[in-house]
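Encoded as structure tokens, the structure appears first; notes follow it.
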Amino acid sequence: MPVVRALIFDLDGTLVDTVYAHVFTWQQALAEAEMPIDSWRIHRRIGMSGGLFARAVARELGRPLSTSETDALQKRHAELFEQMMPHCRPLLGAVELLRHLREAGVVHGVATSGARPLIDDSLKALGIGAETVVIERGDVARAKPEPDLFLVCAERMRVSPHECYVVGDAVWDLLAARRAEMLSIGLLSGGYGEDELTRAGAYRVYHDPAELNDSLDELGVLP
């Protein structure tokens, strides 16, 4: 059986504290489009690709969206997010975790439903450079809950899917990991509960990147 030796990280809510900013800015973009919706309903879908998210919310509201409307919503959300979050804040222990992995020679990468240039500030805040594989929405045909982001990330890191842990904060991350036949680690830093993450398939659940960093020996990824 393959040894798990690589980590693939989600970005929003897993490494950077941006989940609730996304909730607020999606809510505002939808309100401007005369599609008011409660914030908790938005939060339950954060982690999907922007297009899938917009269509899912539209179905929930009983209002179909055209392709142009979906594109316009995504563009407005990105504009509002950049205004609200000109500088992204790493979650507790995230920078130290990534530094620890680099220094220990542990293979790792980032796979996010976000897209450039919206994710660039987050990557900069985390100290992620060209040496780290980063797969974003524009690199795949389908985003989470499809497994494509994680499969392409594993391919770029030159490891088998069976050699990877996915680290994520949302059930959509864990669903995509299961479909990619990867083990997954859940973090509570995105607002989902431990029971939800466990039911979605998380092998272990930690509070945040800091606790994960202190527990890497439990996962067997350190050389």
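Quick notes
- Residues in the range 129-145 that are buried (at least 22 other Cβ atoms within 10 Å of the Cβ) and either modelled with pLDDT of 95 or more or more than 23 Å from Pro161 (Cβ to Cβ) (or both): 1 in all.
- For the range 100-123, taking the residues that are over 21 Å from Asp214 (Cα atoms) and hydrophobic (A, V, I, L, M, F, W, C), the one that is surrounded by the most Cβ atoms within 10 Å (Cβ to Cβ) is identified as Ala111.
Yes/no matrix, rows are residues, columns are (1) within 26 Å of Arg89 (Cα to Cα); (2) touching a strand residue (DSSP E or B) at 6+ places or on another chain (Cβ under 9 Å):
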| site | (1), (2) |
| --- | --- |
| Gly129 | yes, no |
| Ala143 | yes, yes |
| Leu149 | yes, yes |
| Val159 | no, yes |
| Tyr165 | yes, yes |
| Ala180 | no, yes |
| Thr198 | no, yes |
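- Unique residue being under 19 Å from the mean Cα position of the chain (by Cα) and surrounded by 12 or more Cβ atoms within 10 Å (Cβ to Cβ) when the list is Ile46, Ile37: Ile46
- Summed over the range 50-64, the residues that are of a type in the set (Phe, Trp, Tyr) and out of contact with any helix residue (DSSP H, G or I) (no Cβ under 9 Å at 6 or more places or on another chain) give a count of 0.
- Scope the range 56-73; condition in a helix (DSSP H, G or I) and without any contact (Cβ under 8 Å) to a residue 24 or more places away in the chain; matching residues: Ala56, Ala58, Arg59, Glu60, Thr67, Ser68, Thr70, Asp71
- Within the range 74-95, residues that are under 26 Å from Tyr206 (Cβ atoms) sit with their Cβ atoms under 7 Å from residues that are outside any helix (DSSP H, G or I) and acidic (Asp, Glu), at 6+ positions apart or across chains, in these pairs: Arg89/Asp17; Leu91/Asp17; Leu91/Asp208; Leu92/Asp208; Gly93/Asp208.
- Being surrounded by 20 or more Cβ atoms within 10 Å (Cβ to Cβ), modelled with pLDDT of 90 or more, under 28 Å from Leu219 (Cβ atoms) and more than 15 Å from the chain's Cα centre (by Cα) holds for only one residue in Leu97, Leu126, Leu91, Leu151, and it is Leu97.
- Looking across Trp26, Trp40, one residue alone is in contact with a helix residue (DSSP H, G or I) (Cβ under 6 Å, 6 or more places away or on another chain), under 26 Å from Asp208 (Cβ atoms), in a helix (DSSP H, G or I) and at pLDDT 90 or above. It is Trp26.
- Some residue of the range 3-15 being touching a helix residue (DSSP H, G or I) at 6+ places or on another chain (Cβ under 9 Å), under 18 Å from Thr112 (Cα atoms), outside any helix (DSSP H, G or I) and of a type in the set (Lys, Arg): no
- A residue that is part of a strand (DSSP E or B), assigned by TED's automatic domain parsing to the domain that holds Val110 and crowded, with 24+ Cβ neighbours inside 10 Å occurs somewhere in the range 200-220.
The values are calculated or read from the model by the stated rules, or taken from the named source; none is laboratory data. This structure is a prediction, so every number in the text was calculated from the model and none was measured. A quick note on method: Cβ atoms are made from the backbone with ideal geometry, for glycine too, and the neighbour counts reach across all protein chains shown.
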